[in-house]
Amino acid sequence: MSRSPPLQFKLSKVQSLTDVPKAADAILQAVSTGQLTPEEAEQVMKLLKEYREILILADIVPRLEILEQR
């Protein structure tokens, strides 16, 4: 399996769920300016979606633990 070269485009740090739409917009902008191909953008969007799921779980698990302690 060959490795793809790293992608070069500006993407701000995603630290919370509120950052996800901004990151998605940056990916779309990178496609529109030719920095990313649609195929590359699709792969990055998949990573962003998976990371979004991690952020959701990181938010839900502590809340659930608190509820379970009641």
Open item on the list: For the chain, what does the relative contact order come out to in percent, with C-alpha contacts under 8 Å and a separation of six or more?
Closed with: 27 percent
Open item on the list: Per q in 0.23 Å⁻¹, report the Debye log10 I(q)/I(0) for the chain, using one uniform scatterer on each alpha carbon and no solvent.
Closed with: -1.00
TODO: Keeping the other protein chains in place, figure out the carbon and sulfur percent of the accessible area of the chain, with a 1.4 Å probe.
DONE: 58 percent
Open item on the list: Give me the 1.4 Å probe accessible area per residue for the chain, excluding ligands and nucleic acids, in Å².
Closed with: 85 Å²
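The values are calculated or read from the model by the stated rules, or taken from the named source; none is laboratory data. It should be emphasised that the depicted structure is a prediction, and the values quoted were computed from it without experimental measurement. In case anyone asks, the SASA skips ligands and DNA or RNA and just uses the protein heavy atoms, side chains included. Shrake-Rupley method; radii C 1.70, N 1.55, O 1.52, S 1.80 Å.
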